[in-house]
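Chemist: Shown below is the structure under consideration.
The values are calculated or read from the model by the stated rules, or taken from the named source; none is laboratory data. Just so it is clear, the model here is predicted, and its values are computed rather than measured. Here Cβ is always computed from backbone atoms with ideal geometry, including for glycine, and neighbour counts include all displayed protein chains. Surface accessibility is based on the protein's heavy atoms, side chains included, excluding ligands, DNA and RNA. Shrake-Rupley method; radii C 1.70, N 1.55, O 1.52, S 1.80 Å.
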Amino acid sequence: MEINKLTNHVNGQIKSTDASESSKGASKVTRTEKPAEFTDKVSLENYSAKKSEQLFAKIELEKLNQSSFGKLKDYKAKLQAYEAAKNESPEAAKNTEIGKMLNDPEVWSKIAQNIVDK
């Protein structure tokens with residue numbers, strides 16, 4: 001069985017493949033053209049919007065990371081100062097920022113409220 005000798009049945013009419021051979025030349029032209037990556041304006045807008053959203057998210061994440069690490073470094077320095085003062089004397093430890101927070105009743109009430117809320 002050869003494909004060229006098959007007939008097409010469209011809406012009850014029988015057409016031979018010879019009639020469709022004239023359209024083969026036209027279809028060959030469209031197949032040799034390179035397909036465009038984005039053919040419509042909507043696709044381009046969605047693509048560029050997605051890229052800009054990803055870039056914005058990366059920048060915001062980096063800002064948050066830098067801020068968090070900055071706070072972490074500050075607390076680490078405060079803890080080191082408290083530990084150094086604690087090694088000298090308990091009175092010196094009370095005068096550091098961490099020592100003041102440990103002896104502040106407002107801080108303890110805030111901690112207790114956070115525990116109750118969770």
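Chemist: Beyond 25 Å between alpha-carbons counts as too far, so tell me which of K78/K110; K63/K110; K76/K110; K63/K118 fall in that bin.
Modeler: Numbers: K78/K110 20 Å; K63/K110 28 Å; K76/K110 21 Å; K63/K118 28 Å.
Table pairs above 25 Å Cα-Cα are K63/K110; K63/K118.
Chemist: Now a separate question. Sorted by accessible area (1.4 Å probe), largest first, how do Y82, Y75 line up?
Modeler: On the way: Y82 40, Y75 120 Å².
The ranking, largest first, comes out as Y75, Y82.
Chemist: Going 7 Å from the Cα of V107 along its beta-carbon direction, which residues of segment 78-96 have the amide nitrogen within less than 11 Å of the resulting point?
Modeler: 79, 82, 94-96
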